[in-house]
Amino acid sequence: MNSLCNFILANFYHSQIKEISINDLWKLIKSKNQAFWSKEIFKEALNFLNEHKIIFLDKEKIILILNYESLLQIGRIKESKKNNIYHFKYFAFDFKKNTVAYQWVSVYAKNLNKAYPFDLVLAYQKKYIIKKYKLTRFEAVVIKILRKEFINLVGYIDKKNEFINFHILNAKLENYQAQIINLNNAFQKNNHAFVAKIIDYQPFKHVFNVLLETDLGNFQKNENKFRTIIAEYGLNFKFNDDVLKKAQQLPKSVILKDIIDLKERKNLTDLEFVTIDGVDAKDLDDAIYVKELKNTNFNLKVAIADVSYYVQRNSTIDLNAKKQISSMYLVNYVKPMLPVELSNNLCSLNYNQNRLVLILDLIFNKNGQIINSSVYKGIINSFARLNYQEVNSFFKDQLLTSKTLDLLKVKQLLNSAFKLYQILNKNNLAKGFINVNSFDSSFKIDLKTDKVIDVYVKKLQDAEKLIETFMIAANQEVAKILASKKIPALYRIHNCPKNDKLLFLKQQLNEYQIIVDDLNYLKDQKKLKTYIDLLNQKSLPIISSLIFLRSMQKASYSPINKGHFCLCSKYYTHFTSPIRRYPDLLVHRLLKTFILKNNYSAEDLLKYKVEVNEVVKLTKNIEPIIINIEREASKFKKCQFLMNKFQEIFEGTIISVLRFGFFVMLENGIEGLVHVSTLSDDFYDFDETNFELIGRQTQKKYCFKDQVKVRLKNVDVIKRVIDFQLV
């Protein structure tokens, strides 16, 4: 979006006008470049510029408010090696080359105007002439801070004698120092991590003045390290006192006579609902009941925890959950979206406990088509708490020893569920549904010492795929129900890949002699599946997985139904995980308000339309942060695992090549950097077009997909960095 903002500002500068109609500007954008910017991003850019009072939107007209003759640009402040000079980096349209690219301009420390490193700022470029060399140069002057990148820092106390250092843990700021203002808070807290508020910044010294605020605990303890990672990304690592107080006031169990809407609920406690989850899972969102009917049809009832009954809209707990958006799963540590009184107890579909649920009741014919569906409120009592491992074993040998109220009935249910799963899976594959192995690492951890015993890539088996298939079917049907009404709705969408991504995929397929005659073939899921299946046969699983994932768009939330390309679905939403995902909780409220009731008001329509848009925006901002936090937690545990494996040799695959080296992934999903400086046999140049490192003398190349042997050179547990060296 920043590049489009800069294009708009540059248009005012180059055309020397102060206003333009929105329609004319959009036509100009499309005539210059059609690949980068959509109408949606255009609207976002205008709203951003208007919000920060750079332009004024007057119905159909855009008026430039800031009156500068020099070129205005939006960009970020970056560090430099010189104390008094920083860089202003912006992503803008190059009118001469007719393309979009990064640009750099120097900005003197005196011209930062209270901006910190990495802040998003509005600056103007000032021209000056170096008379001695008769050269024209530009420098940037910050005129407005648009977004602070860092309000707080996270670091740990390192006390040596009477000297106290505060080591900054934020990865971007590892080259900066911090000076503690309230030193008295630090003397007795050696090795403790803190969240510290930035008071100001000394730009000539690269030093932040900070105030210690939140004690995260002893940095040496694993749980506190996970908390530190969460804090590094600016999210709350614990619930505030108000949330905890409200959670403690909730009932400890479900007492039917106390349920307000009991008469509206179907009592299904006599049916054999079972949960199937990981061994260690405590927040059990979903349970299933499957029965083969006499007419060869199947009845699948998907019961989902009715979180919305306990978490009222705009309550203290609700507002906190909305702010967090989802639970965080950090290897063997969970930061739940909801307090444990709800996530692990009252809402979790625990064994042999009455629980309030929303039921999606589906009837499938023998071919796996849904012939009837309904949504209603219910009460269930979990008949068995099963885990994936024991269900996979049962599918192989029909043996089951799980604790249950009736083992024979559970076995019958699982066999019926497996039959339905096979039918639905066959249908999905026929439509073009692509199963791609994830190379996310799993960990075997000693529960007593918390040390990592092993790191491995877990392959999904039938039990995991069965639950995934049923949940996908439920999400699809709920989305279809929502789309059938003219009501606010929240969808999980996945757009067809853009041409530049498909060109990458076509090029990769061609390298394996898989010829794609027409790029449009890759937009057809059935044909795309055929190509990916061929790629799976000709390449390593890690390669085919990476190629496919890099060719796809990222899934997102939207108030408009656009379908889900990867799942071959016309309709898709998230309904099945309201304990751990806020969008699912909102979907439950939409179902209750607009589907289960017929007397909703115009006010309901308006307030939920606003809320859907709010949640879309929040998830867009927070979802990537949570993904990064979970990735960093995984890196930390991987570093722990490798601490006693220095100089060991591993086989791996090059997964990305950059100017400073290349990243290698091992078969267990561990990634590390081979820095270009360690390639001692030649001097290597970076080919930006093909993303390759090429030796000047030998012409030896290192590129994506190459198989290499590496030796573990260095592990930094604090920075979560792994370095390899080629063997």
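Among residues of the range 569-583 being within 16 Å of the chain's Cα centre (by Cα) and outside any loop (DSSP other than H, G, I, E, B), the one that is surrounded by the fewest Cβ atoms within 10 Å (Cβ to Cβ) is Arg581.
Can you confirm whether the range 309-316 contains a residue that is in contact with a Ser or Thr (Cβ under 7 Å, 6 or more places away or on another chain), touching a residue at least 24 places away in the same chain (Cβ under 8 Å) and under 24 Å from Ala479 (Cβ atoms)? No, because not a single residue in the range 309-316 is in contact with a Ser or Thr (Cβ under 7 Å, 6 or more places away or on another chain), touching a residue at least 24 places away in the same chain (Cβ under 8 Å) and under 24 Å from Ala479 (Cβ atoms).
Among residues of the range 476-504 being at pLDDT 95 or above and charged (D, E, K, R), the one that is surrounded by the most Cβ atoms within 10 Å (Cβ to Cβ) is Arg492. The sole residue among Gln508, Gln513, Gln553 that is touching a Lys or Arg at 6+ places or on another chain (Cβ under 9 Å), farther than 17 Å from Leu567 by Cβ and not in a helix (DSSP H, G or I) is Gln513. Val107 passes every criterion in (1) modelled with pLDDT under 90; (2) outside the structural domain of Thr214 (by TED's automatic domain parsing); (3) under 30 Å from His52 (Cβ atoms) apart from (1).
Is it the case that Ala321 is modelled with pLDDT of 95 or more and either in contact with a helix residue (DSSP H, G or I) (Cβ under 6 Å, 6 or more places away or on another chain) or within 16 Å of Phe239 (Cβ to Cβ) (or both)? It is true that Ala321 is modelled with pLDDT of 95 or more and either in contact with a helix residue (DSSP H, G or I) (Cβ under 6 Å, 6 or more places away or on another chain) or within 16 Å of Phe239 (Cβ to Cβ) (or both).
Is it the case that the range 458-467 has a residue that's in contact with a strand residue (DSSP E or B) (Cβ under 6 Å, 6 or more places away or on another chain) and either more than 24 Å from Asn668 (Cα to Cα) or β-branched (Val, Ile, Thr) (or both)? Scanning the range 458-467, I find at least one residue that is in contact with a strand residue (DSSP E or B) (Cβ under 6 Å, 6 or more places away or on another chain) and either more than 24 Å from Asn668 (Cα to Cα) or β-branched (Val, Ile, Thr) (or both), so the answer is yes. Inside the range 468-499, residues that are within 24 Å of Ser438 (Cβ to Cβ) and over 22 Å from the mean Cα position of the chain (by Cα) make up a count of 3.
Among residues of the range 512-525 that are free of Cβ contacts under 8 Å to residues at least 24 places away in the same chain and surrounded by 11 or more Cβ atoms within 10 Å (Cβ to Cβ), those with a beta-carbon under 6 Å from a residue that is part of a helix (DSSP H, G or I) and among the charged types (D, E, K, R) at least six positions away or on a different chain give the pairs Val516/Lys506; Tyr521/Lys527. So, in the range 705-723, of the ones that are under 11 Å from Phe646 (Cα atoms) and out of contact with any Leu (no Cβ under 9 Å at 6 or more places or on another chain), which residue ends up surrounded by the most Cβ atoms within 10 Å (Cβ to Cβ)? So the residue we want is Lys713.
The strands (runs of 3 or more DSSP E) falling completely within the range 108-197 include none with 3 or more residues that are touching a Lys or Arg at 6+ places or on another chain (Cβ under 9 Å), closer than 21 Å to Lys221 by Cα and in contact (Cβ under 8 Å) with a residue 60 or more places away in the chain.
The set of residues in the range 110-146 being crowded, with 18+ Cβ neighbours inside 10 Å, modelled with pLDDT under 90 and among the acidic types (Asp, Glu) is empty. Could you say whether any residue in the range 363-385 is within 20 Å of Lys465 (Cβ to Cβ) and in contact with an Asp or Glu (Cβ under 7 Å, 6 or more places away or on another chain)? Looking for residues that are within 20 Å of Lys465 (Cβ to Cβ) and in contact with an Asp or Glu (Cβ under 7 Å, 6 or more places away or on another chain), one finds at least one in the range 363-385, hence yes.
Scanning the range 658-711 for residues that are within 23 Å of Asn536 (Cβ to Cβ) and not aromatic (Phe, Trp, Tyr) yields a total of 13.
When Leu540 is tested against (1) outside the structural domain of Ile304 (by TED's automatic domain parsing); (2) surrounded by 14 or more Cβ atoms within 10 Å (Cβ to Cβ), exactly one condition is not met: (2). Only one entry in Leu211, Leu216 is of a type in the set (A, V, I, L, M, F, W, C), in a strand (DSSP E or B) and more than 25 Å from Lys637 (Cβ to Cβ), namely Leu211. With respect to (1) more than 14 Å from Ala115 (Cβ to Cβ); (2) of a type outside the set (Gly, Ala, Ser); (3) modelled with pLDDT of 90 or more, the lone exception for Gln188 is condition (3). The single condition among (1) more than 29 Å from Gln422 (Cβ to Cβ); (2) polar (S, T, N, Q); (3) modelled with pLDDT under 95 that Thr296 does not satisfy is (1).
The values are calculated or read from the model by the stated rules, or taken from the named source; none is laboratory data. Computed from a predicted model, the values in this text were never measured in an experiment. Cβ sites come from the backbone with ideal geometry, for glycine too, and all protein chains shown count toward neighbours.
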